[in-house]
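Below: one structure, written as C-alpha cells.
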Amino acid sequence: MSSVAIGNKKGFGATLWDYLTTVDHKKLGNMYFFAGLLFFAIAGFEALLMRIQLMVPNNDFVSAGLFNELLTMHGTTMLFLAATPLLFGFMNWIVPLQIGARDVAFPFLNSLGFWLFFLGAVFLHLSFFMGGAPDAGWTSYASLSLYSPGHGIDFYVLGLQISGAGTLISGINFVVTIITMRAPGMTFMRMPLFTWTTLIVGALITFAFPPLTVALFFMLVDRMFGANFFDHTMGGNTIIYEHLFWIFGHPEVYILILPAFGLFSEIIPVFARKRLFGYSSMVFATILIGFLGFMVWAHHMFATGLGPTANAIFAVATMAIAVPTGMKVFNWILTIWGGSIKVTVPMIYALGFIPSFVAGGVTGVMQAVAPLDYQLHDSYFIVAHFHYVIVGGVVLGIFGATHFYWPIMTNRVLNEKLGFLTFWTFFIGFHLTFFIQHFLGLMGMPRRVFTYQGDQGWDLFNFISSIGALLMGLGVIFLVVNMLLSIKSKPLNTSDYWGDGRSLEWALKTPVPFYNFKQTPLIRGYDPYWIEKHEGNKEGMTYAEPVGDIHMPNGSILPLIMSIGMFIAAFGSLYHPDGVSWSVPVIILGIGITVACMIIRSFKDDLGFTVTKEEIIATEESLYGKGGNK
Amino acid sequence: MDINTKYTPKTWPDHAEQVTLEGKNKFVGIWIFICSDIVLFASVFATYLALKDSGPSGMDITAKELFGLELAFVMTMLLLTSSLTSVYAMYHMKNFNSKGVLIWMGITVLLGLGFLGLEIYEFYEYTVHEGFGFTHSAFSSAFYLLVGTHGLHVIIGLIWITGLIIRNAKRGLNLYNAPKFFAASIYWHFIDVVWVFIFTVVYLMGVLG
Amino acid sequence: MGHDTHIHEKSVAQHEFDRRKNAVEMRKQVVNFAIMILFTFIAFAVVVADFSPYFIKPFILLLAAVQVVLQLYAFMHMGEKHASHIGTINTFVWVGAIIAFTVFLCFLTIIWW
C-alpha cells in the first residue's frame, strides 16, 4: 500500500502481504466479496445435499443427524457468512466512491472487522472436522441447543460471537463514514439510495447485534461455564433466548434486504435512463422500514404462546411494514414506467426481482395474521416465504450488482450472453424450487425434516423442487465461470461503462487508483455525475479543490493478529467444559494477544502517509497513459 | 501532520478535539459505539429483571436479603466523582494545560480503581461468604453478568485512560491526542450513566424487594 | 484525511474572554455535579427512610432518569450546538433509548411460559 508504483507487477508473496495488511476499502471489498462467495458456495452445496436427500421419499442419502447439521450450517452460513459479506463487499467498494471519500472513517477497524468475520467463519466451519457441526437450526433455540451433545453448538456460539463482533465493527464504521466523510455539497438528501440504505443498515447493525452478542454470550456461559440463564430447573427462562435472538433476528432480515433495495435503486434508474422516481419517499421508506423492523420481532414467536394481546400488537406492526415496502415497489415500477429501457443483465435481474420479491412479501403479510400463522408455523410454507425474500430479493440483488459493478471493481466486464444464461437458469430454478414449496407447506409438510413417507401427495412436488435446486446450482456455476473468463478478458480502462451512470462512482476512470478521486469532487445535486454530463462537463466532475497532496492511512498486520488472538481464545473456551487443564491458559493467551495488539496500536502513532502531487500525476499516467484521468 | 505542530494556549483552537477529520470521526464513532452499548446493556439489564430472585425450588437467597446499601453508596460516590474529575481534565484541555489533563485523568483512574476494588470485594463477599456463586442460580448468573459487564467496561476504560496518560505523559497536547482524550472521557461518562441505572434498579429496588 | 488546520493566534482579549468562558462553563458543570450528588443522596435516603414502595420506585426511577439526562447533555456535550454532527448523534441515542425501552417492556411482560 505504501508504494505508489501500483502499475508494476508484484510477486505473489508481496501481493499476499499486501492483502493481509491492507486497510484500503477497495481491497477489503474484494476480500469480503470473495470470502462471501466462498461461503455462498459451501452453503449452496449443503442445500443441494439436502434437496438430493428430499428428492424421493424414504431416502437414505444422508443420515438424520447429518441432515440436521446441514440445515443448521446452510442457514447460518447463508445469513451470517455469505449474504452479509457479499453485501459488505459492495458497501466497502461503492459507498466511499459514492460519497467522494478517500477511504472509510476507520480504515484500521475496517480491516479488523473483516478478519474477525473471516476467522469466526473459519472457526465455525472447523466444526465439520472436529466432532460434528451445530445441529439445532440457525436459530439454535436454547431449549434444544442446551442439550445438544458434543461441541457443535459451542462452535456455533463462539464462531458467531467472533464474526458478529466483526460485523458490528464494520457497521459502526459505515455509519461514521457516511455521517462525516461526505464530499462537499453532498447533503443527506443528495446521497444515492445505496448509501442511504447502507447508513440505515449500519444503524440496524449497531442496534441489533448487541442483543445477539448477549444471547450468544448467555448460551456460552450456560454451556461452558455453568451459568443458568436458560435452565428452568435453576430458575432460568428459555424464552429469554428466543426474544433476544429475534430482537436481533428480525432486523437482520432488513440488514440483508435493505442493501439489495439500495442496489436495485441504483440499477433501475441507470437502465430506465430516468431519475429515480420519488427519491424522498424512498429515503423515508428506508428509514421507516429500519425503525419498524425493530418493533415486530415477536411475530416469529406467535406459536410460543405470548398471549392474544402481544400477538395482536405484533401482528399489526408487522402488517404496517408492508406499507413502506410497497412504496418502494411502486417507486421502482414508476421509475421504469415511461423510461427508455435498456434490458441488460443487471436490469433483467431488477425486472425479475420485483415480482419475486412481491410474492415473498405477500406471503409475509399472510403470516403476520397470527391465527393463520398457527397453521403455517414450522411448515414448508415458511421455508418458501423466506427463500422468496432472501433469494428473490437479496441474492438477485447481489447477482445483479455483481454484473453492474464488475467494471468498477475489476476493470473488466462480465459476458452478457453468459449473464443472461445465468439469470434464466437461476431464475427458473429458483421459482421451480420454492414456488411449489408453498403448496407442500399448505399440504402439511413440516420444515426441517430429513425424510418423509411416500404416497402423501408430496413425492412429485419434492422431486420438482429438487430439480429446481439443481438448476440454481447450475446458474451459480455459470456465474463463477463468467467471473473466471472475465479475468482473462481485456481491461476496460474507461469510465461510466454503462453509458448512463448517474451517481459519483461512475465518474471515476477504472482501474480506480488507491486514493479514489484525485481531487475531492463538488456535489451540485442529486445524481451529481448525471448533472455534470448533462451540462457538457468534459472534466467528468467539478472539483472542490486543486490537485494537491493526499493523505492516506498506513496498512497494518495488527488486525489479523488481533483476530487470531480471538480465534485462539475461542479454542480454549470450546474445550473448557471437557475439563482439560489447558483451557483457561489458552483463553488468557488468546485474549492477551488481542489486548497486546491493541496496546501496540495505541502506543504507535499511526499518522498515515502523504502522496505528493507529483506521485499522483505519475500514478495517473501509469494507469491511463499520458494526460491521466480526463 | 498535526502531531508536529506546536501549539501555545493562544493558538490552541476552540474544540480542539473536533477540528481534524480524524477528531470528528472519533467523536461520532465513540457515540455510535455508545448507542450500540445502550442496547447491549438494555438486553443484559432486562434479563436481570426477568430472572431476579428466581432460582431452583427452595432457593433462600433473595435480593432483599443479599444487597447492602453502604457499599453501593460508596461505589456510586466514587464513580460519580470520577465523572466530575474527567470533566475537569477536559476543562484543562480547553485551556491547553496538558499537566492539568494528566493529573485529573490520573485522579479519574484512581477513583475508578477504587470502584473496581470495592466491586471485586463485593463479588468476593457474595461468592465466598453468602454462597451466592455464579452457578448458584439463574438470579446469580444474571446478577454477576450484569454488574460484571459494567465492571468489564470499567476495566477497559481504566486500561484505555492509563495507556493515554503513559503515552502522552511527556509530549503535551496536540490535535492528534486531544480527540483520544475526549473520546475516552465520553466513554467514561457513559460508564457512569449505566451505573446510575444499576444502583437504582439493582441495589435500591433490590433492597425494596 | 489530514485536513490542514490553520494556526490562528487569538488576540489577548479573545484569549482572556475564552478562558473566562471556560471557567464559567466549568462552574456550571460543578453545579450539575452537585445536583447529581444531591439526587443520589435523596434516592438512597428515601429507600433507607422506608417510605411506601409504591412511592419510592417511580420516584427513584425519575431521579435516575434526570441524572442520566444531566450526564448526557452536560458532561457528554450532547446539547452543544457546535459539536460536529450532534443532531445525528442525538437521533441515534434516542432511537437507541427507544429500542432499549422496548426490550425492557418486553422482558417485563411477555417472557412467561
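The values are calculated or read from the model by the stated rules, or taken from the named source; none is laboratory data. Everything numeric here is computed off the predicted structure, so don't read it as measured data. Glycine also receives a Cβ, built like all others from the backbone with ideal geometry; neighbour counts cover every protein chain displayed. These accessible areas exclude ligands, DNA and RNA; they are computed on the full protein's heavy atoms, side chains included. Shrake-Rupley method; radii C 1.70, N 1.55, O 1.52, S 1.80 Å.
Taking Cβ atoms as reference points and 15 Å as the exclusive limit, the residues near C:HIS15 contribute a net charge of +2, counting Lys and Arg as +1 and Asp and Glu as -1.
With a simple spin-label model that places each label point 7 Å from the Cα along the Cα-to-Cβ direction, the separation between A:PHE128 and A:ASP455 comes to 3.8 nm.
Shielding value for B:83-92 is 4, the average number of Cβ atoms from other chains within 10 Å of each residue's Cβ. Given R0 = 45 Å, the distance between the Cβ atoms of A:ALA618 and A:ASN59 translates into a calculated FRET efficiency of 0.10. Taking a point 7 angstrom from the Cα of B:VAL128 along the C-beta vector, which residues in region B:88-119 have backbone N less than 18 Å away? Residues B:116-119 qualify, since their backbone N sits under 18 Å from the label point. Return the long-range amide H neighbours of A:VAL611 (sequence gap of 5 or more, or a different chain), with a cut-off of under 5 Å between placed amide H atoms. Hits under the 5 Å cutoff: A:ILE550, A:HIS551, A:MET552.
Surface exposure of region A:398-547, expressed per residue as accessible area with a 1.4 Å probe, stands at 42 Å².
For the interface of C with B, what's the total buried accessible surface in square angstrom, probe 1.4 angstrom, rounded to the nearest hundred?
5400
B:TRP104 exposes around 70 Å² of accessible area when a 1.4 Å probe is run over every protein chain in place. For A:LYS509, the aspartates and glutamates whose Cα falls under 18 Å of its own Cα, not counting residues fewer than eight places away in the same chain, are A:ASP24, A:ASP103, A:ASP496, A:ASP500, A:ASP527, A:GLU532, A:GLU539, A:GLU615, A:GLU620, A:GLU621.
Rounded to the nearest 20 debye, the dipole size of the protein assembly as shown about its Cα centre is 2740 debye, using +1 on the Cβ of Lys and Arg and -1 on the Cβ of Asp and Glu. Just the protein heavy atoms count here, and of the accessible area of region A:235-316 at 1.4 Å, carbon and sulfur take up 73 percent. Towards the positive end of the charge dipole of chain A, with charges on Cβ (+1 Lys, Arg; -1 Asp, Glu), say which of A:PRO192, A:LEU607, A:MET295 has the farthest Cα. Final value for the positive-end residue is A:PRO192.
Which residues in region A:294-336 place their backbone N less than 19 Å from a point set 7 Å from the Cα of A:MET366 along the Cα-to-Cβ direction? Those under the cut-off are A:299-303, A:315-316, A:318-323, A:326. Measuring nothing but protein heavy atoms, the accessible surface of region C:12-76 at 1.4 Å probe radius is 73 percent carbon and sulfur. Averaged over the residues of C:81-93, the number of partner chain Cβ atoms lying within 10 Å of the residue Cβ comes to 5.
When the accessible areas of A alone and C alone are added and the area of the pair subtracted, with a 1.4 Å probe, the result is around 2000 Å², both sides summed. For the residues of A:206-217, the average number of beta carbons from a partner chain within 10 Å of their own beta carbon is 6.
Ranked by the mean number of other Cβ atoms within 10 Å per residue, highest first, peptides A:34-47, B:82-95 order as B:82-95, A:34-47. Peptide packing for A:584-590, B:194-200, A:513-519 was compared via the average number of neighbouring C-beta atoms within 10 Å per residue; ordered from the highest value, the list is B:194-200, A:513-519, A:584-590. Checking the Cα-Cα distances for B:LYS64/C:LYS57; A:LYS488/A:LYS518; B:LYS10/C:LYS28 against a 22 Å cut-off, the pairs over it are A:LYS488/A:LYS518; B:LYS10/C:LYS28. Modelled spin labels at C:ALA13 and C:ALA34, positioned 7 Å past Cα toward Cβ, are 3.3 nm from each other.
Given a 1.4 Å probe, how much area per residue of region C:12-76 is accessible, in Å²?
For region C:12-76, the solvent-accessible area averages 55 Å² per residue.
In this simple spin-label model, placing a label point 7 Å from the Cα along the Cα-to-Cβ direction at both A:PHE284 and C:TYR54 gives a separation of 4.6 nm. On a per residue basis, region B:26-153 carries 34 Å² of accessible surface, using protein heavy atoms and a 1.4 Å probe. The residues of region A:156-191 occluded by other protein chains by 50 Å² or more of accessible area, set against the chain on its own, are A:ILE172, A:ILE179, A:THR180; surface from heavy atoms, 1.4 Å probe. Solvent-accessible area of region A:403-470 (1.4 angstrom probe, protein heavy atoms only): carbon and sulfur portion equals 70 percent. Taking the Cα centre of region A:188-305 as reference, the dipole from Cβ charges on Lys and Arg (+1) and Asp and Glu (-1) amounts to some 680 debye.
Rounded to the nearest 100 Å², what is the sum over both chains of accessible area buried where A meets B, with a probe of 1.4 Å?
Counting protein atoms only, the buried area is about 2900 Å².
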